[in-house]
Structures are given as structure tokens and as C-alpha cells.
Amino acid sequence: MEIRRLNPEEIPQVHRIETVVYNGRRDYSKEEAADPLAHPAHWHWGAFQNGKMLSSMLEIPFLMRFDGSSVPMSGIGGVGTLPEARNSGCVPALFAKFLPEAHEQGVVFSNLTPFSHAYYRRFGYELACARNEITVPTKEFSRLKTGGAFTQIFPGGDSSALAEIHSAYIADLNHGICRDYWPDNRAWRIFTKEDPYSTGTFTYLWRDQDGKGRSYIKYQDQLSGDEHIMAALELAFTDREALYGILGIVKGLATQFRKFKWPMPTFLDPTDLVDSLWDLNQRIVPRDMTRIINVKRALELMRRPGGEGGYTLEIPEDPYIDANRGRWRVEFGAGESRVSAVTTEPDLLCDIPTLSQLVTGYRSLENLLRTRRTGLELLSNRETLDRVFTLRPQHVTEYF
């Protein structure tokens with residue numbers, strides 16, 4: 001089996017695989033129109049047997065926020081295999097090629113949205129983000145004090161205010177994606193490309209009384225039976241006032257929509273939004289997964305507790321990235337963390353999926369010590385490790 005990145009002329013084969021795998025429909029007798037926002041060919045991987053592409057995968061380069069730093073992250077999407085090649089090892093072969101190469105290129109994390117969480121654990125990924133999907137009657141927003149002004153953003157319009165708000169919003173959010181990473185304003189051109197009149201997708205900016213843009217919402221008109229629902233696709237804000245400022249648009253649209261739906265980040269409490277709590281429906285949706293690609297670099301950049309200290313961590317194995325295995329001594333102080341390979345006895349044994357949750361702050365050490373999985377063993381130095389591996393705000397801001 002040949003595993004490699006693709007050339008531009010091979011992209012139509014990827015589209016055919018995706019049509020089969022994701023139950024799509026497309027007339028391939030017609031020539032494909034060029035999409036200026038299509039992903040470059042070299043972002044795609046293919047698995048070939050006797051010259052035929054059997055499986056494909058998309059690797060998107062991102063810059064991701066992690067404990068106050070911006071680090072390289074590979075977003076994985078579009079993984080699919082033709083029916084006749086299922087269970088032939090195509091996807092494991094893709095990951096066996098991609099993961100060590102990503103490490104060599106300086107990538108620190110990889111994220112994906114799985115069809116099966118259990119399936120991607122075999123490659124070292126683990127749950128990294130959940131969303132609290134809430135549904136609230138729009139009448140609940142009638143009590144909000146409205147102020148400032150709303151401006152609709154159209155395709156091709158000025159997105160600079162959106163970009164400034166987004167950068168402030170993700171500054172302290174692990175997994176937040178830096179949208180200024182790609183050239184030619186590509187990320188914002190994609191974000192604002194939907195025509196509101198044909199798609200029912202609208203983007204509005206909220207400006208405060210001084211005219212400064214401080215929050216925005218992208219929402220879609222979704223029909224459930226005969227009921228129109230205002231479904232927030234993305235909502236970003238710079239502070240508390242900006243959050244409730246942008247939510248004021250729900251009040252203004254209450255005659256059009258009976259309900260407001262929002263996959264809100266879990267660091268917010270939805271009970272703050274409503275007075276009649278019996279009208280609040282919510283469900284936690286475990287969604288995106290993450291994987292540490294470079295253990296040493298992640299430990300160096302991870303947030304430090306106050307004071308000085310240290311601990312030794314052992315990664316017994318990483319089947320895909322040899323450089324991650326071994327014992328790592330982490331010594332931290334006010335200025336930096338120093339990480340070095342050692343042979344001394346460890347304080348903590350941890351596998352890659354579990355460490356991915358600990359390092360990004362999705363779960364604390366105390367919480368993970370109650371897990372039914374066997375990838376974690378505490379040996380000593382509990383007090384220090386409890387100070388190191390704490391919960392931090394999470395929100396995967398990009399869908400791919």
C-alpha cells in the first residue's frame with residue numbers, strides 16, 4: 001500500500017470517495033467548477049493499492065491556542081475508505097504515516113471530530129471538548145436591556161472587527177483557532193461566504209455605545225416541523241457586557257423565532273440566561289478529540305502553577321511516535337518550564353490519550369484518577385501533580 005500526499009489532479013477522486021462514504025449525491029458527468037476557497041491538494045492524504053485510491057484523509061494546518069500560546073495543530077477531517085477496501089488497514093496506514101511526519105514538522109497537537117470515539121482512541125486521540133447544547137424560548141430574552149447597535153456582515157464585507165473580537169475571545173481558550181494564520185484572509189472569507197438570502201445564514205456584529213465592535217453571532221434559520229428555530233452557529237464576545245449585547249438580537253427576533261438554540265461552551269452557565277429555568281433544555285454533547293503530537297513541547301508550554309516545583313512523567317509507549325516515549329522530568333518556575341529526558345523513577349505513568357486530556361485541561365488529575373480506563377497510574381508526588389493538572393476553559397472553535 002502506498003501512502004502519500006495528493007496532487008491537484010487527484011482531488012476529483014477524493015470527492016468521489018467522499019460521495020460514497022458520506023452518502024452524498026453529485027453528477028460527475030459535469031465538470032467541477034473551481035472553488036477559490038477549496039483546500040489545497042497537498043493538505044490531502046491518499047492510500048493507494050495498485051494505483052487506485054482506496055482511502056483519503058484531509059490534514060488542515062491550524063494555529064491553536066494552548067495555555068496562552070499559539071501552537072501548530074493538525075486538524076483531521078474527511079477520513080473515508082471505499083466499501084470494497086474496508087477493514088484492509090487503509091486508515092491505520094494513513095495515521096502511521098501522518099503522525100510521525102507531523103511530529104517532525106513541529107506540530108504539537110492534532111484535533112478531529114470522530115464518527116466513533118472508540119475508533120480514534122486506537123490512534124491516541126481522546127475527548128477534548130464538549131458543548132452544552134441549550135434550547136431556550138426566545139421570550140426569555142425579552143428582559144435583556146438592549147443597547148449599542150447591530151451591523152449585518154455580508155459575503156465579501158469587512159471582517160476586521162470580527163477578527164479582532166475572535167482573537168480576544170480565544171486568547172485564554174484551549175483549542176481556540178487563530179484565524180489570522182492562513183494568508184489572504186482565507187478563514188474569514190470562508191466564515192462569511194454564505195449568502196443570507198439563499199441559505200438563511202446570517203452574521204451580525206454588535207457595537208457598543210462608543211461604536212466599538214465587541215461581539216458577533218452567526219446564526220441559521222432552522223425549521224423543526226412548522227417551528228422556526230434561531231440556531232447559533234458561532235457566538236464570540238470580548239467580555240460580559242458584549243455577551244449580553246449580542247444576545248439582545250434574540251430579543252429583537254422573538255416574533256420570528258420561538259426558540260433559540262446554541263451549542264454554548266461549557267465554561268458558561270446557561271442558567272444565567274433565563275429566569276424561568278423550567279423552560280431551559282440542555283444536553284452535554286461530547287464531541288471533539290485531541291492528541292498530543294509532541295509530548296516534550298506540550299509539557300514545556302503547559303501552564304505552570306505558582307512557585308517552583310517538578311515532577312517526572314513516564315509515557316510507556318506511543319505506537320505511532322517513538323520520540324514521545326520515555327520518562328520526562330518537568331521542572332517549573334516563574335519564568336519557564338524545563339523538560340528533559342531522564343531515567344529516574346516516575347511520579348506518574350500515563351498513556352497518550354489520557355495525557356492529551358490532562359495537558360489540555362479537559363480533565364483534572366483528581367477527576368481522571370476515577371476513570372475506568374487503565375492508562376493512568378499515580379505513584380508519588382500527588383500534591384504537585386494536583387497543582388499542575390487542573391481544569392482550564394475549553395472550546396473547539398472550528399468545525400472541520
For a quick protection proxy, order the peptides 88-98, 360-370, 192-202, 32-42 by their average other-Cβ count within 10 Å, most packed first. 88-98, 360-370, 192-202, 32-42
May I ask you to order 109-117, 212-220 by the average number of other C-beta atoms within 10 Å around their residues, highest value first? 212-220, 109-117
In percent, how large is the relative contact order of the chain, given Cα pairs closer than 8 Å and 6 or more residues apart? 18 percent
Signed unit charges on C-beta, dipole axis of segment 2-107, positive-most listed residue 88, 42, 61: 88
Run the quick spin-label model on residue 370 and residue 69: label points 7 Å from Cα toward the beta carbon, then report their separation in nm to one decimal. 3.2 nm
With eigenvalues of the C-alpha gyration tensor scaled by 5 and rooted, segment 294-388, Å: 18, 16, 13
Give me the one-decimal nm value for the distance between modelled label points at residue 224 and residue 84, 7 Å along each residue's Cα-to-Cβ direction. 4.4 nm
FRET efficiency for residue 2 and residue 208 from the Cβ-Cβ distance with R0 = 51 Å, rounded to 0.05, comes out at 0.35
Enter the Cα centre distance for the pair segment 12-40 and segment 277-292, rounded to the nearest angstrom. 32 Å
For segment 175-239 and segment 94-154, write down the distance between their C-alpha centroids in whole Å. 15 Å
Residues of segment 191-210 with the amide nitrogen closer than 19 Å to a label point 7 Å from the Cα of residue 33, along Cα-to-Cβ, please. 191-201
Let me see the pair-distance distribution of segment 76-210: every alpha carbon pair, 10 Å bin width, integer percents in order. 8, 24, 31, 23, 11, 3, 0
Testing the spin-label approximation: label points 7 Å from Cα along Cα→Cβ at residue 15 and residue 158. State their distance in nm. 3.6 nm
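Please give the per residue volume of the convex hull enclosing the alpha carbon atoms of segment 126-185, rounded to a whole number of Å³.
Taking the convex hull of the Cα positions in segment 126-185, it is 176 Å³ per residue.
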Stokes-Einstein, Kirkwood over Cα pairs, segment 132-285, 10 °C, 1.306 mPa s; D in µm²/s equals 99 µm²/s
Filter the chymotrypsin sites (Phe, Trp or Tyr not before Pro) in segment 1-58 to those in DSSP coil with at most 10 other Cβ atoms within 10 Å of their Cβ, and list the result. 22, 28
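Per-residue counts of other Cβ atoms within 10 Å, averaged by peptide: what ranking do you get for 252-265, 287-300, 345-358, highest first?
Working: 252-265: 17.4, 287-300: 23.2, 345-358: 21.6.
Those peptides, ordered most packed to least, come out 287-300, 345-358, 252-265.
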Kindly identify the chain as rounded, prolate or oblate by the Cα gyration tensor criterion: order the square roots of the eigenvalues as a ≥ b ≥ c, call it rounded if a/c is under 1.5, otherwise compare a/b with b/c, prolate if a/b is larger, else oblate. oblate
What does the charge count around residue 199 come to, taking other residues whose C-beta lies under 14 Å from its C-beta (Lys +1, Arg +1, Asp -1, Glu -1)? -1
Over all Cα pairs of segment 3-78, how is the pair count split among 5 Å bins, expressed in % and running from 0 up to the last occupied bin? 3, 13, 21, 22, 18, 10, 6, 4, 2, 1
The chain - charge dipole about Cα centre, Lys and Arg +1 at Cβ, Asp and Glu -1, debye rounded to 20: 480 debye
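Coordinate-derived values only; no laboratory data. The structure presented is a predicted model; accordingly, all values stated were derived computationally and were not measured. Please note: Cβ atoms are built from the backbone with ideal geometry, for glycine as well, and neighbour counts cover all protein chains shown.
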